[in-house]
Amino acid sequence: MGKEASINQIDLLFNPGSIALIGASHTEKKLSGAILKNLLRFRGKVYPVNPKYKKIMGLKAYSSLSELPEPVDLTIIIRPAHEILKILKEHERKAKCTIIVSSGFAEIGEYKLQDEIKSIARDTGIRILGPNCMGVYNPYHKLDTFFLSRERLKRLKKGNMAVVSQSGAILSCLFDALGTANIGISKAVNYGNAVDIDESDLYDYFIRDEYSDIVISYIESLSNGRKFVEKAKELSEKKAFLLLKSGKGSSGQAAAYSHTGRLAGRYEVFHSILRQFGIKEAMGFDDLVDTAKAISYQKTSMGNRVLIITNGGGSGVLASDECIRQGLVVAKLPKNKIEKLGKIFPKFYTISNPFDLTAQVKDEDYIASLNELKDDFDGFLIIALTGVLGVTERLGKMMKNLKAGIGKPIVFHIAHGGVSRKLTAILEKAGIPVYPSPERAVKVLKALLT
Amino acid sequence: MQKVEDLIAKGKTAVLEHEAKEVLREMGFSVPKGVYIEKDMAEQIPAIVDISYPLVAKVSSSKIISKSEVNGVKLGLKNGHELKEAVSGLLNIQDAEGILIEEMAAPGIEVIVGGIIDDQFGPVVMFGLGGISVELFRDVAFALAPMGKEDALWLVREVKGSKLLKGYRGRPPVDIAILLEMIVKVSEMISTGLIQEIDLNPVALYPEGAIVLDAKISLHYG
């Protein structure tokens, strides 16, 4: 099979014209029924397959794949593991691509069964996602193969971020977290045991996918390290890409004879190689979501000089400490600017970095100081604690107007509660990300400055 | 890599230190001048030794992973008497197969340059601040092999302690060019697929030049 044909097949996973659900059931209480209910929103053809029924959820049911009136682009299989091989063999010339939702393979030690699936994929040319996965979600195509109901897991709106997760559990948690962060997505995929389609195949697809400008990825294990490096590097060069790897505690190589072998832990080597090729890594779940929000709102840019403008001294100091940990420079203000700003502002403002506007702050003060200092720094952290009357929603609107003129990374820290929710909403709508702690805001600023 | 191929042809897996150093000498690395004496030839020491004092004597065995842990390294031997005493002590160590006697090298900044065929990524190289404490501080970094000098420089800078190499607190900077050459060479050696693991540890770095004080090689049978 040519490379192009194989990429087009992966496209059928996200944009099929027709789908067969093998193992469909009539009740949402079963996972296979929950999938069918989610598939009812799909605009293309949906064929439920279950020999026990004539009709399921209002659709004509079929007894097997070979009974269908036409070959389909995609099948979704949710049947016990021991039936999967037989079902896959029926796929030849009947389907181009399949998602095996069922579990009971390598993840519980059934390597042989999983290897047999692999050889079927190789022999027949059918592309397989899974097993042990939730499949795909594509809001632009109204495609949703998840076995979680929409009531329990709120789906994300349309956007430009692709989410690639080896784990279904983490993908569902990401849906909640990205939803809270007001992020829309282009596509989401959970690829599970990666018997055929693996992280590298998916990166390769997203390099080309015009709906996706940002890709985030959660990985537990790699199928092929060299292929991963090649594709992850290309993806990082073409789009904003961020990944999170779990399994950081594993020790060195099994039969290590040398110091090198004993020090070459799986994660240590992985971490070094990501840095070697400039592939961005998130250090945990919160970091993944925080940074994903920032890179979906703003472009990264060069530099490390940060200006902190605050209305709370302590918050400014915590932010400053985190800047030091992150290797960012909280540089001094230029002398002439200090003089100039001293004439504008009251004497009790601390005209320094952090720039402390104190509890007497007014919205305009943030704007005035930013305007004066925007050319002297590479990135800006603004702390606006809303306990004082001088900080209002107007600041959000003023920042929206100012943002384009600055053209450099700006992040906000606003503690939760009261007025802050409205102010946060206005800022985030304007593409300025807001975080509930100074440290989280600084970490994100670091990710935006390269 | 002729020497490596010869060792593989002999069916060796873990290579003795003097064999590893012959491999390195063939590849153009600088190693101390030395002589290897098998256990049953030890009586003839020091007559057969034509290298200059002070010397270091080290136990050699395919079964001993860490020489320092079995107290198998005797440094600063100033004359034939001290050498003879050291050798007889070393031969009493369990599993001793022979003794490697080498000229003492001048002290330098000690680093580790290593390579391994990683089970996820294939051939990778490692650089770190070396000596016996490398596993304690774990100040090391890895990179895909093979690599050029630019990547080797990146690798060196990834290590926190690499500031030491630039000349810390009045010490002169070390010969970075030769270090980069060594890293590139190790990356090429591990990429041949003939070697499973290689440690040059420690490598003593000087303002001019560098010398591999100890080395381990295990061969790869594909």
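The values are calculated or read from the model by the stated rules, or taken from the named source; none is laboratory data. In this text the structure is predicted, and so the values were computed from the model without any measurement. Neighbour counts are summed over all protein chains in view; Cβ atoms, including those assigned to glycine, are modelled from backbone coordinates with ideal geometry.
General observations
- Residue within region A:234-241 that is away from every other protein chain (no Cβ under 14 Å) and within 27 Å of B:Ile190 (Cα to Cα) present: yes
- Check on A:Tyr211, more than 11 Å from chain B (Cβ to nearest Cβ), hydroxyl-bearing (Ser, Thr, Tyr) and assigned to a loop (DSSP other than H, G, I, E, B): yes
- Failed criterion for B:Gly80 (all others in (1) closer than 23 Å to B:Ile211 by Cα; (2) more than 12 Å from chain A (Cβ to nearest Cβ); (3) over 19 Å from the mean Cα position of the chain (by Cα) hold): (1)
- Neighbours by Cβ (under 7 Å, 6+ apart or cross-chain): first from region B:71-97, touching a residue at least 24 places away in the same chain (Cβ under 8 Å) and among the β-branched types (Val, Ile, Thr); second surrounded by 13 or more Cβ atoms within 10 Å (Cβ to Cβ) and part of a loop (DSSP other than H, G, I, E, B): B:Val87/B:Ile45; B:Ile93/B:Gly72
Matching residues to (1) farther than 18 Å from A:Gly168 by Cβ; (2) free of Cβ contacts under 8 Å to residues at least 40 places away in the same chain:
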residue	(1), (2)
A:Leu39	no, no
A:Arg43	yes, no
A:Lys55	yes, yes
A:Ser63	yes, yes
A:Arg79	no, no
A:His91	yes, yes
A:Lys94	yes, yes
A:Thr98	no, yes
A:Ala106	no, no
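- For region B:176-215, a residue qualifies if it is among the charged types (D, E, K, R), over 12 Å from B:Ser30 (Cβ atoms) and surrounded by fewer than 22 Cβ atoms within 10 Å (Cβ to Cβ), and exactly one does: B:Glu188.
- One residue alone among B:Ala141, B:Ala105, B:Ala86 is touching a Phe, Trp or Tyr at 6+ places or on another chain (Cβ under 8 Å) and surrounded by 14 or more Cβ atoms within 10 Å (Cβ to Cβ), and that residue is B:Ala141.
- In region B:123-149, residue nearest to the other protein chains (Cβ to nearest Cβ) [restricted to those that are outside any strand (DSSP E or B) and either at pLDDT 95 or above or over 18 Å from B:Asp199 (Cβ atoms) (or both)]: B:Met147
- Annotation: of all residues in region B:183-206 being among the charged types (D, E, K, R) and assigned to a helix (DSSP H, G or I), the one that is farthest from B:Glu22 (Cα to Cα) is B:Glu188.
- Residue within region B:150-172 that is surrounded by 23 or more Cβ atoms within 10 Å (Cβ to Cβ), outside any strand (DSSP E or B) and either of a type in the set (Phe, Trp, Tyr) or within 10 Å of another protein chain (Cβ to nearest Cβ) (or both) present: yes
- Qualifying residue in region B:4-21 (condition: under 22 Å from B:Ser133 (Cβ atoms) and in contact with a Lys or Arg (Cβ under 9 Å, 6 or more places away or on another chain)): yes
- Flag for A:Lys332 being modelled with pLDDT under 95, of a type in the set (D, E, K, R), on the phi < 0 side of the Ramachandran plot and in a loop (DSSP other than H, G, I, E, B): no
- Test result for B:Ala177, more than 14 Å from chain A (Cβ to nearest Cβ), outside any loop (DSSP other than H, G, I, E, B) and within 22 Å of B:Leu16 (Cβ to Cβ): no
- Between A:Glu268, A:Glu237, A:Glu199, the distinction of being acidic (Asp, Glu), in contact with a strand residue (DSSP E or B) (Cβ under 9 Å, 6 or more places away or on another chain) and under 24 Å from B:Arg157 (Cα atoms) belongs to A:Glu268 only.
- Which listed residue, of A:Ser66, A:Ser119, is among the polar types (S, T, N, Q), on the phi < 0 side of the Ramachandran plot, under 33 Å from the mean Cα position of the chain (by Cα) and loosely packed, with under 15 Cβ neighbours inside 10 Å: A:Ser119
- Considering the conditions (1) touching a Gly at 6+ places or on another chain (Cβ under 7 Å); (2) under 29 Å from A:Leu178 (Cβ atoms), A:Asp356 is excluded by exactly one of them, (2).
- For the residues A:Leu381, A:Leu445, the requirement of being part of a helix (DSSP H, G or I), buried (at least 22 other Cβ atoms within 10 Å of the Cβ), at negative phi and not aromatic (Phe, Trp, Tyr) singles out A:Leu445.
- Some residue of region A:79-86 being in contact with an Asp or Glu (Cβ under 6 Å, 6 or more places away or on another chain), surrounded by 17 or more Cβ atoms within 10 Å (Cβ to Cβ), not basic (Lys, Arg) and not in a strand (DSSP E or B): no
- Subset of region B:181-199 (residues that are under 24 Å from B:Lys163 (Cβ atoms) and either at pLDDT below 95 or in contact with a helix residue (DSSP H, G or I) (Cβ under 7 Å, 6 or more places away or on another chain) (or both)): B:Ile183, B:Val184, B:Asp199
Conditions (1) surrounded by fewer than 22 Cβ atoms within 10 Å (Cβ to Cβ); (2) part of a helix (DSSP H, G or I); (3) modelled with pLDDT under 95, marked per residue:
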{"residue": "A:Leu288", "(1), (2), (3)": "no, yes, no"}
{"residue": "A:Ser315", "(1), (2), (3)": "no, yes, no"}
{"residue": "A:Asn353", "(1), (2), (3)": "no, no, no"}
{"residue": "A:Ala359", "(1), (2), (3)": "yes, no, yes"}
